[in-house]
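First up is the structure itself, then whatever we jot down about it.
The values are calculated or read from the model by the stated rules, or taken from the named source; none is laboratory data. Quick caveat, the model's predicted, so the values are computed rather than measured. We place every Cβ from the backbone using ideal geometry, glycine too, and count neighbours over all the protein chains shown.
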Amino acid sequence: MNNKIYQLINRNGLVVEFITLGGRLTSVKIPENNSFVDVLMGYDTVEECAKGDAYMGAICGRFANRISNGRFALDGKWVQLAQNNGPNHLHGGNDGFHKKQWEVIEISLKDYTCAYQLSILSADGDENYPGNLKAEVIYALNDDNELLIDFKAVSDKKTIINLTIHPYFNLKGVGGGDVLDHMLEINANYFTPIDQNSIPTGELKAVSGTAMDFTTPTVLSERINCNDQQVKLIGGLDHNWVLNKKGKELALAARVKEPVSGRSVEVFTTQPGLQVYTAMHFDGTSIGKGGHPIMPCSCIALEAQNFPDAPNNAHFPSVVLEVGEVYREKVVYRFSIK
């Protein structure tokens, strides 16, 4: 295992760290009072990352999020994938991109203080996906405290693709408790309701009048503890929002703020959707940074991506990648620094 931790540092002293395993983001250290506050949930060592939560900070693919019954049709033929989340296929399967060792090289990128390119070759039939797929991801940091994640992929066979990055944030910092007092704002007038298996029903439903309305900053506890059927179904948030944007423009997706410290993170993306997850599956058995048990709602994941189960919903944005076509999506996390 490659034990090296790579760092991106800007002139303001913001530090972002990642490792080759899953291309995992392992820390976001915000400089404050001659010290740092690490706002990214995770583990202290590379070895602990390998043993801990499978998706913590990782690149997820070939298909991020869920596919119903682990199957989809491509050119009239059914493709069966691993069912690693109940009946569903989740985040690329048992040996998805989150489990791969990514090749890393340092690069120069205009307007960015530092940058690295991560790459991987996923062979034809990897997790039963068709096509030899070459994927590249750029991590870059600028002096506006913006972390760029730039996804690119090509395949020699028609296939499907949906890549995301899976960071969990707690803006109080490591050991700060839960995130229920965080304020969440999502730039979306619609969301995709889910069924009992966390699969979208196919409906695009207006958020107005529902617990999914985050069009203005809202305290998470108000929604996590409400009686809304969608929230009660899974005990929190693990839903996709339909972002208010046009085509491939890089647009604001969401903003999370911790009211006491004033720390915030904003998400911008070219992707059509944003999955927000309040980390209900943690139960304290996984021990994170500083020896702190990772508890339910101790962090929030903000995953810009295409819609869950998009291969089985023709009216969702397409996830098909043709031969010769270049898959390209961007996500930017912008952090506040006092």
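Structure data summary
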| quantity | calculated |
| --- | --- |
| Single residue of the range 156-168 satisfying the filter (outside any loop (DSSP other than H, G, I, E, B) and crowded, with 24+ Cβ neighbours inside 10 Å) that is farthest from the chain's Cα centre (by Cα) | Thr159 |
| Selection count, the range 42-101, where residues are of a type in the set (S, T, N, Q), within 18 Å of Ile5 (Cβ to Cβ) and touching a Ser or Thr at 6+ places or on another chain (Cβ under 9 Å) | 1 |
| Residues located in the range 59-76, provided they are free of Cβ contacts under 8 Å to residues at least 60 places away in the same chain and in a helix (DSSP H, G or I) | Asn69, Gly70 |
| Candidate set from the range 310-325 (those that are assigned to a helix (DSSP H, G or I) and of a type outside the set (Gly, Ala, Ser)); member that is nearest to Ile199 (Cα to Cα) | Asn312 |
| Sole exception among (1) closer than 21 Å to Glu322 by Cα; (2) of a type in the set (Val, Ile, Thr); (3) crowded, with 23+ Cβ neighbours inside 10 Å for Ile59, by number | (1) |
| Any chance Glu258 is touching a Leu at 6+ places or on another chain (Cβ under 6 Å) and either without any contact (Cβ under 8 Å) to a residue 60 or more places away in the chain or not aromatic (Phe, Trp, Tyr) (or both) | yes |
| Strands (runs of 3 or more DSSP E) (entirely within the range 243-300) containing at least 1 residues that are under 19 Å from Ile337 (Cα atoms) | 251-257, 264-269 |
| Condition met for Lys110 (over 15 Å from the mean Cα position of the chain (by Cα) and within 24 Å of Ile287 (Cβ to Cβ)) | no |
| Residue in the range 178-187 that is free of Cβ contacts under 8 Å to residues at least 40 places away in the same chain, touching a Lys or Arg at 6+ places or on another chain (Cβ under 7 Å) and either surrounded by 14 or more Cβ atoms within 10 Å (Cβ to Cβ) or over 22 Å from Ser298 (Cβ atoms) (or both) present | no |
| The range 119-142, residues that are in contact (Cβ under 8 Å) with a residue 60 or more places away in the chain, more than 23 Å from Asn84 (Cβ to Cβ) and touching an Asp or Glu at 6+ places or on another chain (Cβ under 9 Å) | Tyr139, Ala140, Asn142 |
| Residue that is farthest from Asp178 (Cα to Cα), among those in the range 10-47 that are of a type in the set (D, E, K, R) and touching a residue at least 60 places away in the same chain (Cβ under 8 Å) | Arg11 |
| Yes/no for Phe282 being at pLDDT 95 or above, more than 26 Å from Cys49 (Cα to Cα), touching an Asp or Glu at 6+ places or on another chain (Cβ under 8 Å) and crowded, with 17+ Cβ neighbours inside 10 Å | no |
